[in-house]
Each structure stands twice: as structure tokens, then as C-alpha cells.
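Heads up, the thing below is written out as C-alpha cells.
The values are calculated or read from the model by the stated rules, or taken from the named source; none is laboratory data. All of these numbers come straight from a predicted model, not from anything done at the bench. Ideal geometry is used to build each Cβ from the backbone, glycine not excepted, and the neighbour counts take in all protein chains shown. When the accessible area is computed, the model is the full protein with side chains, heavy atoms only, and any ligands, DNA or RNA have been set aside. Shrake-Rupley method; radii C 1.70, N 1.55, O 1.52, S 1.80 Å.
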Amino acid sequence: MEVTASQIRQDLNNFGGFGQQGYGYNVEYLHEQIGKILGLDTVQNMIIIGAGNLGQALANYNFEKVGFHVIGIFDANPRLEGLAVRGIEIQMVDQLEEFIRTHDVNVVTLTVPKKHASEIANRLEGLGIRAIWNFAPTDLHVSDDVCVRNVHLDESLMTLSYEYRHSGRGNQKKGQ
């Protein structure tokens, strides 16, 4: 990463004293403290809205290893109602309000079409949701009270393509 040990020590000191001069760091303790800083010391309940291919793929991912637990999956397509992904039945999006009122939901993952993303984000904000992980192909604009992380798969792929092409590795033909 081309970062000096001194820079790392200075960065860690911004979060508190984790090491002892002359002795270094207890790696297990440091790992635990960084987890606390990132909020990974508690389980965050998450729901997924949009149970298409991407939504189901995310529902199948083991987010528990980083402190997130999928507790609900929602979609507008009645053909998906009652299907289970990792033991969680897909519910209809019109059941969303009741579910959020009766469950402790910390994070919502959106994998819905662009045309529905803003409407759903506004509904979620009105229901008190304060963290949205957005995979819809549009940026969400909500109040500053809501943390949003917009994930643009196409943008990420274009960045990869650019970096690959300009690294020198992308100019070679297959078999060379």
C-alpha cells in the first residue's frame, strides 16, 4: 500500500491509544477495537427490498460474518411471494410498513428498478430507517438524517475496464 508504519500508527492514534510504545500492538485487541469503530461489534438487522436476481444473490451472501443479519426480503412481484431465500420468505412490498413497525430494522438494501428507488427511499425515511444500501441504478436524495451508500455496478465495471486497459495488461491479445 506504500504506507509507512509511522503513518499507520498516526492514523490509529486518531481513534485512541491501541498500542504501547516499544511493544507494538496486540493484534487481537486491535482487530476487536477496529471492529467497534466500524460498528461491527453488534448485529445490525437488515432487510432487502427487491427480490430479483441481485436481491436474491445478496440475500444468499453471508453478511453475518461482518455483523449484518438479513431478517426480511420484499418484492412487488406476486409470483415471488412465499418463495424462500436462505429460509426467509419473500413478502410483498405492501407489508413493509407493518414489518418495520414490528421488527428492529437497522439497514435496508435496495435492489429495485430506478423508477421505484426514490419513492421507496422516501417511504423508508418516513418509517424511521436511517441507513440505506442502494443498488438501484440511481443516486438517492434523502435528508441528511439518512446514511446512503449508492453502489453503481456499471460504474465500477467501467472503472475496472479503464484501469485494466491502461495498466498495459489490457492491450495484449489472447494467447500472447
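Some points to look at:
- Near the amide H of PHE74, within less than 5 Å, lie the amide hydrogens of ILE48, ILE49, GLY50, GLN91, all on another chain or at least 5 residues away, with H placed in the peptide plane.
- Protein heavy-atom surface of the chain, 1.4 angstrom probe: 50% of the accessible area is carbon and sulfur, with nucleic acids and ligands not counted.
- Residues whose amide H lies under 5 Å from that of GLN44, counting only those 5 or more places away or on a different chain, are PHE68, HIS69; hydrogens are built 1.01 Å from N in the peptide plane.
- Full-extension gain in nm, ASN77 to ILE8, via 0.36 nm per residue minus C-alpha separation: 19.9 nm
- Cut-off under 5 Å, modelled amide H: who pairs with VAL85 long-range: ILE90
- Of all beta bridges that DSSP places with both ends in the chain, some 15 percent have antiparallel geometry.
- Per-residue 3J(HN,Hα) values for the range 24-39, derived from phi via the Karplus relation 6.51 cos²θ - 1.76 cosθ + 1.60 with θ = phi - 60°, read x, 10, 7, 4, 4, 5, 4, 4, 4, 5, 5, x, 5, 4, 7, x Hz in sequence order (x marks Gly and Pro).
- Using the Cβ-Cβ distance between ILE37 and HIS166 with R0 = 30 Å, the FRET efficiency computed as 1/(1 + (r/R0)^6) comes to roughly 0.30.
- Cα point-scatterer Debye curve for the range 70-119, base-10 log of I(q)/I(0) at q = 0.14, 0.30, 0.31 Å⁻¹: -0.36, -1.36, -1.37
- Identified option (computed semi-axes √(5λ) of the Cα gyration tensor in Å; candidates (1) 46, 16, 13; (2) 22, 17, 17; (3) 35, 26, 16): (3)
- Exposure here means at most 13 other Cβ atoms within 10 Å; with trypsin sites (Lys or Arg not before Pro) in a DSSP loop as sites, the longest stretch of the chain lacking them is 87-172.
- FRET efficiency for the LEU153 to VAL27 pair, using the beta carbon distance and R₀ = 45 Å, is estimated at 0.85.
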